[in-house]
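K.L.:
First the structure, then my questions, so here it is.
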Amino acid sequence: MEGVLNAPIPAYRVSVAVLVAALDLGRADVRVPLDYTVSGDVTFHLAMFKGIADNGWYLENPWLGAPGVMKLYDFPYCENALFLGVKVLTALTGDPFLAGNLLHLATYLMAAWAALFVLWQFGVGRQVAVATSLLFAFLPYHFWHGPPHTHLSNYSAVPLLAMVALWLCAGESVLFRRDDAGRLRWFWSWGRSAPTLAACGLAALSGPNYAYFGAFFLLTSGLIGVLRRPGLDRGLDAVVAAGLLVGLFAARLVPFVAYELREGVNPLASKRPVENYYQYGLRVVNLLKPVPGHRLQELNPGWQPERSRTEADLSWRYNETNEAETAPALGLVGSCGLLVAVVCGLAAPCLATRRCPTLGDLGKLTLAVLLLGLISGFGEMIALYVTTKIRCYSRLSVFVAFFSLFALALIVNRPGRGTSSRRARWGWLAVLWGVTALGLLDQIPSRLTPDHAKDYRAFRDDGAFVTRVEKSLPPGAMIFQLPPNSLPEFGRHFQMYDYSHFCGYLHSRRLRWSYGALRGRETEAWQSRFAPANWLTRWSRPGLRGSTSIAMVTRPAPRRSSPVCSARCPRSRSRTATAHCCSSASQPAGDQGVRISLPPAGMSALAIGRGNLDPFVATVTFWKTKNELWTESEVINPLSLMVGKFDQAFGIVSLSIRS
């Protein structure tokens, strides 16, 4: 049976085939961002990727936050593994959106390869290891975080941290050991020390969640190892490994801390109320229930059948559902593995754990995850009395998933080794891959498959619209976007999801955009004076004087009585919108009434559903004085702006500073 277990199998090709089928990549244009129309966090990450291409790094962007500069130091979003990967791929491809797509697709392959490497280290046969690594790479967690949370989709550090934790549980030396004289010495081994350092470094680069959870597991496993085989060297291994992980992560926080010391603390930028802990905590029912978005309607109570919802379906599923209720699901195979791990952890030592001590250690680590992550566990104590910065303990589910699948692999691996007859061996392999195929069908939520055609159309239309806007405005013109949402996490504004204002910047090359000012800083305070109820009376404050031109990008909600939407397009049922622009610096004094036609723009329907408002033509009108702005009959209805009956932006209004 050893030959069958270790028979070569093209793991790379199988992973790629499953990935292509799961995301329907045969219909995708990889130059168009995946899930572009989902908005929300997808748009945020795309803006960061473009910021890296434009400015070298993502922390400062002079094209955003106008009239200031977007500075993210108050919002310590330090996902360096993601941004370094995008920077390298952008340098190779010249396209930040293509780089983001390639990196996201690579996270599936990296997760599979990392799991495969760890399973081989513990003697799991090749066939079982490949099957298990596929189930781990294509977890519901991966799809439900997907492009909106690409930093969480990169969980290849999890198997490596689990490997080091299992070594520490077993009392093996990874960094220190005693020499023949009994003295404690630094110990280097390519088989133990190098993977330990790699795991710590990768976890530190993968963001605060994996760094925090990884340090917890290293310390917990070190405690288990010390209790099993007392010794200073074993305790020192765990403490140094966890300290290295924490130290590497803390080094990434230096720019944020330095900015805070220089500019002062900004408590408004990133609030994390303790209620978030209960909202995003881990629950057993969310681990064991059927995968949300399951391909079988009978397993999706409350979910509409395939393709029966509106075009905003994916946006609704990603932005309006709680990740703690969708992403943690393990699927049928993973749920069976969780039960195996918990039973082995509670029953150890027993016959199974005596034969395979690793199985017992996996059970102990699984119980440790549940004690930390489940609501009312240790995580609640940390949220109440230490910090709420780590609020999403449901993200521990990816550790639960690996421990569960690993435990099941160890159980399945042994019956296969005991099978002697040829027919039984091949029958066992047929069962193994049959269960794997069914497990993948169960885990992969078909209702999250990207709508590539819709993404392509929206990306093309938005690009065409912004290009025409750039041609109608002088280089460096500042676009003041309404409603003036602050960064980060403003929340849903009317029918517009968070970060949607970044969309214009994604297609722009020489315009500055107001969105991106950090809440609690001077620029955001200046922008807040132009909130819907106040901007009409405050637009001519002295702070505006001297700027070249300020364009206000707005899109009124379609109303029958609105003069803006009164004309109909002869080629479409939707109403046309009118855009207006005036500029004191770019318009000659004697030139009035200049009109420029703009083509249809998908951006106009970002907030209320693309296609609801798809104007055929928009007009850009230049005025010389503010009196003409108020008296011009085609101006956007001020009442709509004052009461906030508009969403993100189609028309352009560039305010004249002169009285």
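The values are calculated or read from the model by the stated rules, or taken from the named source; none is laboratory data. Just so it is clear, the model here is predicted, and its values are computed rather than measured. For neighbour counting, all protein chains shown are included, and Cβ atoms are generated from backbone atoms with ideal geometry for every residue, glycine included. Only protein heavy atoms, including side chains, enter the accessible area calculation; ligands, DNA and RNA are left aside. Shrake-Rupley method; radii C 1.70, N 1.55, O 1.52, S 1.80 Å.
K.L.:
Suppose the filter is under 21 Å from the mean Cα position of the chain (by Cα), aromatic (Phe, Trp, Tyr), modelled with pLDDT of 85 or more and surrounded by fewer than 20 Cβ atoms within 10 Å (Cβ to Cβ); does TYR456 pass it?
P.N.:
Numbers: under 21 Å from the mean Cα position of the chain (by Cα): yes; aromatic (Phe, Trp, Tyr): yes; modelled with pLDDT of 85 or more: yes; surrounded by fewer than 20 Cβ atoms within 10 Å (Cβ to Cβ): yes.
Yes: the conditions hold for TYR456.
K.L.:
Let me ask you something else. For GLU380, all conditions in the list (1) closer than 30 Å to PRO273 by Cβ; (2) part of a loop (DSSP other than H, G, I, E, B) hold save one; what is the number of the exception?
P.N.:
Here GLU380 meets the rest and fails (2).
K.L.:
Just to be sure, is TYR515 open to solvent by less than 10 Å² (accessible area, probe 1.4 Å), over 19 Å from SER270 (Cα atoms) and among the aromatic types (Phe, Trp, Tyr)? Steps first, please.
P.N.:
Details: open to solvent by less than 10 Å² (accessible area, probe 1.4 Å): yes; over 19 Å from SER270 (Cα atoms): no; among the aromatic types (Phe, Trp, Tyr): yes.
In short, no.
K.L.:
Of the conditions (1) touching a Phe, Trp or Tyr at 6+ places or on another chain (Cβ under 9 Å); (2) outside any helix (DSSP H, G or I); (3) modelled with pLDDT under 90, PRO33 satisfies every one except a single condition; which number is it?
P.N.:
Of the numbered conditions (1) touching a Phe, Trp or Tyr at 6+ places or on another chain (Cβ under 9 Å); (2) outside any helix (DSSP H, G or I); (3) modelled with pLDDT under 90, the odd one out for PRO33 is (3).
K.L.:
Right, something else. Scan the range 350-380 for residues that are out of contact with any Gly (no Cβ under 7 Å at 6 or more places or on another chain) and open to solvent by 50 Å² or more (accessible area, probe 1.4 Å) and jot them down.
P.N.:
Answer for the range 350-380, where residues must be out of contact with any Gly (no Cβ under 7 Å at 6 or more places or on another chain) and open to solvent by 50 Å² or more (accessible area, probe 1.4 Å): LEU351, ARG354, ARG355, PRO357, SER376, PHE378.
K.L.:
Here is a follow-up. Which residue pairs have Cβ atoms closer than 7 Å, lie 6 or more positions apart in sequence or on different chains, and pair a first residue in the range 117-136 that is within 19 Å of GLY334 (Cα to Cα) with a second residue that is hydroxyl-bearing (Ser, Thr, Tyr)?
P.N.:
The qualifying pairs are LEU119/THR132; LEU119/SER133; ALA131/THR436; LEU134/SER15; LEU134/THR436; LEU135/THR436.
K.L.:
Provide a single number: the residues in the range 174-187 that are open to solvent by 30 Å² or more (accessible area, probe 1.4 Å), part of a loop (DSSP other than H, G, I, E, B) and in contact (Cβ under 8 Å) with a residue 12 or more places away in the chain.
P.N.:
Keep residues of the range 174-187 that are open to solvent by 30 Å² or more (accessible area, probe 1.4 Å), which gives 176-187.
Now drop any that are not part of a loop (DSSP other than H, G, I, E, B), which leaves 179-183, 187.
Add one more test, that the residue is in contact (Cβ under 8 Å) with a residue 12 or more places away in the chain, and what stays is 187.
Final tally of qualifying residues: 1.
K.L.:
Taking the criterion of being modelled with pLDDT under 80, farther than 13 Å from GLY65 by Cβ, in a loop (DSSP other than H, G, I, E, B) and open to solvent by less than 10 Å² (accessible area, probe 1.4 Å), would at least one residue in the range 477-499 satisfy it?
P.N.:
Yes, the range 477-499 contains a residue that is modelled with pLDDT under 80, farther than 13 Å from GLY65 by Cβ, in a loop (DSSP other than H, G, I, E, B) and open to solvent by less than 10 Å² (accessible area, probe 1.4 Å).
K.L.:
Got at least one residue in the range 410-433 being in contact with a helix residue (DSSP H, G or I) (Cβ under 7 Å, 6 or more places away or on another chain), open to solvent by less than 10 Å² (accessible area, probe 1.4 Å) and at pLDDT 85 or above?
P.N.:
The answer is no; no qualifying residue exists.
K.L.:
Further question: Can TYR12 be described as among the aromatic types (Phe, Trp, Tyr), modelled with pLDDT under 90, open to solvent by 10 Å² or more (accessible area, probe 1.4 Å) and part of a helix (DSSP H, G or I)? Give the derivation first.
P.N.:
Values: among the aromatic types (Phe, Trp, Tyr): yes; modelled with pLDDT under 90: yes; open to solvent by 10 Å² or more (accessible area, probe 1.4 Å): yes; part of a helix (DSSP H, G or I): yes.
Taking the combined requirement at face value, the residue satisfies it.
K.L.:
If we keep just the residues of the range 59-84 that are touching a residue at least 40 places away in the same chain (Cβ under 8 Å) and in a helix (DSSP H, G or I), which is nearest to TYR515 (Cα to Cα)?
P.N.:
Checking each candidate, the answer is LEU72.
K.L.:
Moving on to the next point. In the set PHE399, PHE403, PHE465, PHE459, which member is in a helix (DSSP H, G or I), outside the structural domain of PRO290 (by the TED database) and under 30 Å from SER156 (Cβ atoms)?
P.N.:
Values: PHE399 fails: outside the structural domain of PRO290 (by the TED database); PHE403 fails: outside the structural domain of PRO290 (by the TED database); PHE465 fails: under 30 Å from SER156 (Cβ atoms).
Being in a helix (DSSP H, G or I), outside the structural domain of PRO290 (by the TED database) and under 30 Å from SER156 (Cβ atoms) holds for just one of PHE399, PHE403, PHE465, PHE459, which is PHE459.
K.L.:
Scan the range 418-454 for residues that are of a type in the set (A, V, I, L, M) and either assigned to a helix (DSSP H, G or I) or not assigned by the TED database to the domain that holds LEU405 (or both) and jot them down.
P.N.:
As a first pass, look at the range 418-454 and keep what is of a type in the set (A, V, I, L, M): 424, 429-432, 435, 437-438, 440-441, 444, 448, 453.
Those that are of a type in the set (A, V, I, L, M) and either assigned to a helix (DSSP H, G or I) or not assigned by the TED database to the domain that holds LEU405 (or both): ALA424, LEU429, ALA430, VAL431, LEU432, VAL435, ALA437, LEU438, LEU440, LEU441, LEU448, ALA453.
K.L.:
Let me ask you something else. Does TRP120 satisfy the condition of being aromatic (Phe, Trp, Tyr) and open to solvent by 40 Å² or more (accessible area, probe 1.4 Å)? Explain how you work it out, then say what you get.
P.N.:
Numbers: aromatic (Phe, Trp, Tyr): yes; open to solvent by 40 Å² or more (accessible area, probe 1.4 Å): yes.
Yes.
K.L.:
Of (1) within 27 Å of the chain's Cα centre (by Cα); (2) farther than 20 Å from ALA157 by Cβ, ARG355 satisfies all except one. Which?
P.N.:
In the conditions (1) within 27 Å of the chain's Cα centre (by Cα); (2) farther than 20 Å from ALA157 by Cβ, ARG355 misses (1) alone.
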